[in-house]
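Below: one structure, written as structure tokens.
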Amino acid sequence: MKNLHIDELAGSVAKILPSSAVDGPGNRSVVFLQGCDFDCKYCHNPETRKPCIACGFCVSHCPAGALKLSDGQVLWDRSRCTDCGTCISRCPHSSSPKVQQLSVSEVLDSLKRYIPFIRGLTVSGGECGLQAAFLTGLVCSAQERYQLGTLIDTNGSTDYSLFPELVESAEGFMLDVKAWDGTEHKELTGAPNGMVLRNLDYLAREGKLFEVRTVVVPGFFDAVQTVREVSRVLVSCRSQARYKIIAFRPQGVRPQFRSLPQPERAFLEQLANLARSEGVREVVVV
Ligand code: SF4
Ligand code: SF4
């Protein structure tokens, strides 16, 4: 990475998974960065949304004594933690006491022994684009040190055209387009979608779009319009990206949103056929 030593970069890291089969093609390590600027009703990782404010509420609920409050900070003892998830489910601030500030080298060193067994790295979140400098350092270093390609799993709120080194070095982007209509997008996520749609076009034209995803929640947005318009952008940009159409599932979702409606399989297939009829090369329903 130009002009900056990578160990000057610290990232707010929610979690590192050495191995995953569901975060891109093949077996991949996944780095989840903390912090997100969207508030999606169907968020499956709500604890990655906000910084820990060290309120201390979770400390007394840890059954393993792995947390303590010291000098206004929550300290997490990894050796005691049983990964029971109590702290995360009890946190009233959409956070986790297990978030760490790590350098690029610390992240890559923690994955070193798994590298012979993985096909690549995926960086997710939270929203990883909010830490664009750290993300760039991680992507470039994974490539330089280990010839490891990185996929970036993003909500598209960051203007990636301002980060050409990141775009050039990444293997590709996995972009969520949650709704085509701006008002519906705001209702679903609390945020506008102008930048998301600009990124869709930009990354598709750059040949860097690996996958677009739309989560389908019946009645919450016009899924037919979203799939049709996204498909038209992919085809007009000659993108080879696949379109993944995802059924809303309540697992991991905050309690107040777990009863959102789930789509029928027939409706998902109808959307997939629409994308195919528009000319999208590969469409999957999950
Ligand atoms: S993780 Fe949540 S409950 Fe625990 S100290 Fe941080 S903000 Fe408070
Ligand atoms: S997951 Fe949280 S509550 Fe459970 S043992 Fe670890 S630190 Fe304690």
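Given the rule -39500 (n - 2.57) for each run of at least 4 DSSP H residues, summed and divided by the residues of the chain, what is its mean residue ellipticity at 222 nm, to the nearest 500 deg cm²/dmol?
-8500 deg cm²/dmol
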Along the range 29-42, what does the Karplus equation 6.51 cos²θ - 1.76 cosθ + 1.60 (θ = phi - 60°) give for ³J(HN,Hα), rounded to whole Hz, x for Gly and Pro?
7, 10, 10, 9, 8, 8, x, 9, 9, 9, 10, 5, 4, 9
Place the peptides 265-277, 23-35 in order of packing, highest mean first, counting for every residue the other Cβ atoms within 10 Å and averaging per peptide.
23-35, 265-277
Rounded to the nearest 5, what % of the DSSP beta bridges within the chain are antiparallel ones?
30 percent
Pick out which of Phe117, Phe248, Phe173 has the largest mean-square fluctuation in a Gaussian network model of the chain, springs linking Cα atoms closer than 10 Å.
Phe117
Computed over the range 52-98, Cα set: Rg, Dmax in Å:
9.4, 25
Of Lys68/Lys112; Lys50/Lys112; Lys112/Lys208; Lys15/Lys98; Lys15/Lys208; Lys15/Lys50, which ones are farther than 18 Å apart at the Cα?
Lys68/Lys112; Lys50/Lys112; Lys112/Lys208; Lys15/Lys208
Given the range 78-205 reduced to its alpha-carbon atoms as identical point scatterers, what log10 I(q)/I(0) does the Debye formula return at q = 0.09, 0.12, 0.17, 0.21 Å⁻¹?
-0.33, -0.58, -1.02, -1.21
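For the chain, build the convex hull from the C-alpha positions and give me its volume per residue in Å³. Please report the intermediate quantities before stating the final value.
On the way: hull volume 37.5 nm³, N = 286.
So the per-residue hull volume is 131 Å³.
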Relative contact order %, the range 198-244, counting alpha carbon pairs below 8 Å whose residues are six or more apart
59 percent
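Read the figures in this text as sums done on the coordinates, not as results from a lab. Predicted, not measured: the structure shown is a model, and the values here were computed from it. Cβ coordinates were reconstructed from backbone atoms using ideal geometry, including for glycine residues, and neighbour counts include every protein chain displayed.
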